[in-house]
1. Could you size up the charge dipole of the protein assembly as shown around its Cα centre, putting +1 on the beta carbon of Lys and Arg and -1 on that of Asp and Glu, and report it in debye to the nearest 20?
2. If r is the Cβ-Cβ distance from A:K149 to A:V207 and R0 is 22 Å, what FRET efficiency results, to the nearest 0.05?
3. Which order do the peptides B:29-40, B:283-294 come out in when sorted by mean C-beta neighbours inside 10 angstrom, highest first?
4. How well do other chains shield peptide D:84-97, expressed as the mean number of their Cβ atoms within 10 Å of each residue Cβ?
5. Which Cys in chain D stand alone, with every other cysteine's Cβ at 4.7 Å or more from theirs?
6. Compute, for the range D:4-101, the length of the dipole vector about the Cα centre, with Cβ point charges of +1 (Lys, Arg) and -1 (Asp, Glu) only. Units Debye, rounded to 20.
7. Which value, in debye to the nearest 20, gives the size of the charge dipole of chain B about its Cα centre, when Lys and Arg are +1 and Asp and Glu are -1 at the Cβ?
8. Per 20 Å bin, what is the whole-percent P(r) computed from every C-alpha pair distance within the protein assembly as shown?
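What follows draws every value from the coordinates through simple rules; no lab data is involved. Computed from a predicted model, the values in this text were never measured in an experiment. Virtual Cβ from ideal backbone geometry, glycine too; neighbours counted across all protein chains shown.
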Amino acid sequence: MAVNLGGLLMKNPVTTASGTFAAGREYNDFVDVSTLGAVTTKGVSLHGWAGNDTPRIAETPSGMLNSIGLQNPGVKHLMDVDIPWLNDQGATIIVNVSGHSFDEYLAVVDELEQACVHAYEINISCPNVDAGGMTLGTDPKCVESIVKKIRDATDRPLIVKLTPNVTSITDIAKAAEAGGADAISLINTLLGMSIDAERMRPTMARVVGGLSGSCVKPVALRMVWECHQAISLPILGMGGIMNGLDAVEFILAGASAVAVGTANFVNPFATQEVIEGIADYCERHGVNDVNELIGALKC
Amino acid sequence: MAVNLGGLLMKNPVTTASGTFAAGREYNDFVDVSTLGAVTTKGVSLHGWAGNDTPRIAETPSGMLNSIGLQNPGVKHLMDVDIPWLNDQGATIIVNVSGHSFDEYLAVVDELEQACVHAYEINISCPNVDAGGMTLGTDPKCVESIVKKIRDATDRPLIVKLTPNVTSITDIAKAAEAGGADAISLINTLLGMSIDAERMRPTMARVVGGLSGSCVKPVALRMVWECHQAISLPILGMGGIMNGLDAVEFILAGASAVAVGTANFVNPFATQEVIEGIADYCERHGVNDVNELIGALKC
Amino acid sequence: MPLINEQARIVENECVGPRLYLMVLESPQIAKTIKPGQFVHVRIPGMPDHILRRPFSVYAANPATNTIDILYQTVGYGTDFMTTLTPDSASLSVVEVLGPVGRCWMPPEHVKRALLVGGGVGAAPLYMLAEQLVKAQVHTDVVLGAQTEQALVCRGRYEVLLSSHEADVVAPLCSTDDGSYGRAGFATSLVAEALESAAQAARPYDYVAVCGPEPLMRAVAELCAGANVYCEVSMERRMACGIGACLSCVVETTDGKLRACVDGPVFDATKVVW
Amino acid sequence: MPLINEQARIVENECVGPRLYLMVLESPQIAKTIKPGQFVHVRIPGMPDHILRRPFSVYAANPATNTIDILYQTVGYGTDFMTTLTPDSASLSVVEVLGPVGRCWMPPEHVKRALLVGGGVGAAPLYMLAEQLVKAQVHTDVVLGAQTEQALVCRGRYEVLLSSHEADVVAPLCSTDDGSYGRAGFATSLVAEALESAAQAARPYDYVAVCGPEPLMRAVAELCAGANVYCEVSMERRMACGIGACLSCVVETTDGKLRACVDGPVFDATKVVW
Ligand SMILES: Cc1cc2nc3c(=O)[nH]c(=O)nc-3n(C[C@H](O)[C@H](O)[C@H](O)COP(=O)(O)OP(=O)(O)OC[C@H]3O[C@@H](n4cnc5c(N)ncnc54)[C@H](O)[C@@H]3O)c2cc1C
Ligand SMILES: Cc1cc2nc3c(=O)[nH]c(=O)nc-3n(C[C@H](O)[C@H](O)[C@H](O)COP(=O)(O)OP(=O)(O)OC[C@H]3O[C@@H](n4cnc5c(N)ncnc54)[C@H](O)[C@@H]3O)c2cc1C
Ligand SMILES: Cc1cc2nc3c(=O)[nH]c(=O)nc-3n(C[C@H](O)[C@H](O)[C@H](O)COP(=O)(O)O)c2cc1C
Ligand SMILES: Cc1cc2nc3c(=O)[nH]c(=O)nc-3n(C[C@H](O)[C@H](O)[C@H](O)COP(=O)(O)O)c2cc1C
Ligand code: FES
Ligand code: FES
């Protein structure tokens, strides 16, 4: 079940989607983080952000919207509290990195170089940050240049997480590749909105938010498949994975590894069940090595 | 309940989404087309198209994918068979127009000028046509120029239907406005994909297709709301409307009228129930004129 | 016949074979009007995430009891979910059926000898046709094929029906893939022999109706074309609207792409481009 | 206490007042460990389209019968849907409960006199606390407010409980918006008077616990701040994970944005930034 995600060795292809699993401790009664391919931590910025007002979520058909706004206590707290705990547990760690500016991304990575973490996932795609974030991830030139800068700052596996809210996902993926990324993550949330008709108001304080959950799976699969054909980097696929079969779909479409997000909220055992489901699928189909499934879709 | 959609008078704000209601006859045992605000017919091209191979659809969480590929018997057949029938029923008619090239769009509209129809909806957004279609609808310059050309060819209300598969929907909407559109339609389908993991194959023959149904509602609402703020044209809102409350959400977000699509497949009475649902909402909220609700969202 | 959409109470929902279930629905209007070969488009209540209706042929319709029978095989999410519905459940005991939809079987007007060929669960949609033909005193033979003996699920009902009329063969001819009942192998060889021997006996078939997996229908269609016998097939396609509006379900024919739901499901086999 | 996710059979699910239902769940592990003020995060089976869990306080826990009681009000899709679940349904008689979650009520250690204030369905999560206090022989008074008499749904249970202990007031003080029972108007005025008269009688309250609509909680918190009485409130927020991971549910506090699910739902009222 082991896979190699752009230099990051994972004992199985399953990690958590950033922001849905904190740094793993909250799920400790359900999931032993050392059994996961990796734990991807909640987006972290240099000094910590307060995030948006509540309500921050809304339920939507087969999915949900969130506008957490990257609330986080800053990279120092992550390094003092969360990373040591994850290290103690024997987890493989991917740190999701955020910033309001190129410099902030770099500063966060610089700090993290001192910590025992195994890869970075650069979130250039969060729709909930007014500066940086969204705009950054939709322009190929910006993407290439921020990736280049971070590439120069680290030798660790560099995963770039893309937003699906673009006309051409392959243009952005190519830019990340040109910048020197080791892998790309697909997809972050789709920008959406929810209205409470009876109250004539938006359901969330910030009006718009990011859509996740199984409703987005068709869009996510399409983007993974397009990028698998367009670039040669490995892909971390996510967006609506609720069970092992969903994960296999992403792998067949071209993902080398997958992340489980919203499913954790529905079922705290989701990550474990996805791992078991993939193993079960391989057994039923006589697949000895999960790597054989990557991009194995017959079209 | 009457609304004015860029010069098209509708007795209520509800029409059908192109491609989900044919030209109304198939639903005749369930829906009296003269009671609808309008009937929007299936996309029509100059000489008719054969469409894609089957399987053409796939079920997805709270939605479906389709890759019909604009199968249609051509504008002549529409004018000989469908429009006369709709005229006999007393329906208000919006004809959805497709083409492989600028010239084909113009040729279709030229033909239709002879027919008794009430408005055009120009589909510059279908993801299932290799030439034209998708590419056209994602580039503001192309959008402006095709709209200008068609604007010169007709005085009838001109509705331009946009694709949601773009980085900035407001840029495209502005281009349609600049080109002289009377209204815009939002949204066509999101590009998606579905995989049959057990068979290791795409679920549909054409691999990718257009996502519709309630799963897309959050994205559709967001785009209607963004465009309502960015341009001054009226908006025909659609994407996942299953009942009256969904329709009210679109109207509150800024739609002057709404279209019911995938819901027809689930419930053949859907259009009627949406009309009743809007009326019921107005009554419960003491709204005398549905026009008061347009864009009335309190943020 | 106008289309009807009715709330149908589940009267029965039982396992009747390997992955085979019989659902009896109280659907008075459709029970009265449905013809052999037509189908109903069923909205299954309570399925999380899944929104589309599912098409099912009507196996038997009983206007006296106001019921229609559906014989279904579990092949995916919806059919699996259907097995959990029970007549006595508070909320999940009513399905919504839209019908009768589609072109029925259309034997030639003065048909004398008919052969019905059912593969797997395809035996079900032919049963009403068999009843109709037997009632009209048409000499009717039946060939059934399935994977195993237990999967030959309508066999008993066909036996009763056929034994009630005069014919050369009073029981369905059967084949099973595993040889557990009847001829071992595919139904096609039984069909070839039946066509052959009928022709040699100078009492040739003038109508063949086939319902089953596409390879079977195609093979039988080719045999019939060779033997110059009129043959109809019932085509399965994924359906969204189920009533002719969406063009999801087209079948490639010599007249272009036609809709399985309303131009079919039953087609003249010579028109189908396989 | 470790978190547990258990399949809980529905033992009872009955209407007990206007838009109010009592669901009794067989949830042995949570029944043993849950503390007053904690909640369970419930996955409701069979809801089309809706995926999130719903948080509910536990009204009563009975380790002897292995059950927990949830008193819920129908306010939207999920709570409406919950009313259709029945103990005897084949597929929809089991819910998944995750718990016990959150910070419980934490009266000061040597509390002498407590006032519990419940608005509407907020009376429910206070009942276990009332039991605990009465058992510990703390002098406990209760104020309940609701829209109408029928909506004062836990009143009977509080009456029985309070009459079992020695106190100035042996029945809950009640107010209704429509004056159909007790004081007409909001519960706040009863609270103000209770604080006042307790202080005048030199037997002041040293603990107030409030659960109900935010305006009520805020008003009571302000009265308590004025009277210098320690006050706790139970905050409601929309929740995704329900266990502290997603940051959906934050409450603005003097210590920053804290999670209602695990840092609350019960907060020291002086810390809440309203
Ligand atoms: C006219 C007609 C008559 C039919 N009659 C019968 C019958 O009498 N008994 C019976 O057991 N089956 C019958 N079928 C097939 C039946 O519709 C499918 O087995 C059923 O839709 C599968 O649904 P699912 O949710 O279990 O499968 P899933 O794979 O989960 O379904 C996903 C989607 O694909 C569609 N789909 C999947 N398989 C088929 C298929 N073979 N044909 C058409 N659509 C499919 C479903 O309707 C749904 O939209 C008939 C099909 C047609 C077109
Ligand atoms: C800690 C806690 C304890 C609670 N205890 C009780 C209780 O004992 N009895 C009771 O009747 N209610 C209680 N509630 C409120 C209850 O969770 C909501 O009424 C319920 O979630 C509404 O769900 P719905 O599907 O009917 O509403 P919908 O509006 O359809 O729900 C949509 C989404 O919003 C959320 N939501 C809606 N209203 C609320 C709300 N008031 N609080 C939190 N989330 C909400 C839902 O959980 C869901 O995610 C509690 C809430 C919290 C946070
Ligand atoms: C509550 C919530 C918080 C999230 N926070 C982050 C984040 O901090 N950084 C990030 O890159 N993505 C974040 N995401 C996006 C997810 O990592 C993931 O890309 C997305 O939810 C799609 O996967 P899913 O459908 O499995 O949830 C968040 C998603 C949710 C639902
Ligand atoms: C089967 C099908 C066929 C469609 N054909 C067309 C078409 O011909 N022209 C067009 O502009 N849109 C077409 N659409 C898009 C719909 O008109 C509509 O924009 C979309 O489905 C979103 O609405 P809904 O979620 O209510 O279905 C089609 C959609 C479906 C599902
Ligand atoms: S299913 Fe819609 S046309 Fe046949
Ligand atoms: S609900 Fe996820 S942190 Fe509270």
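1. Working: 80 positive and 124 negative charges, 60 e Å.
With Lys and Arg at +1 and Asp and Glu at -1, about 280 debye.
2. 0.10
3. Per-residue mean Cβ counts within 10 Å order the peptides as B:29-40, B:283-294.
4. Going residue by residue through D:84-97 and averaging, the value is 3.
5. Cys with no partner Cβ under 4.7 Å: D:C15, D:C104, D:C154, D:C174, D:C211, D:C249, D:C261.
6. Details: 7 positive and 9 negative charges, 64 e Å.
The dipole magnitude comes to about 300 debye.
7. Values: 19 positive and 33 negative charges, 119 e Å.
For chain B, the charge dipole is close to 580 debye.
8. 11, 36, 36, 14, 2, 0
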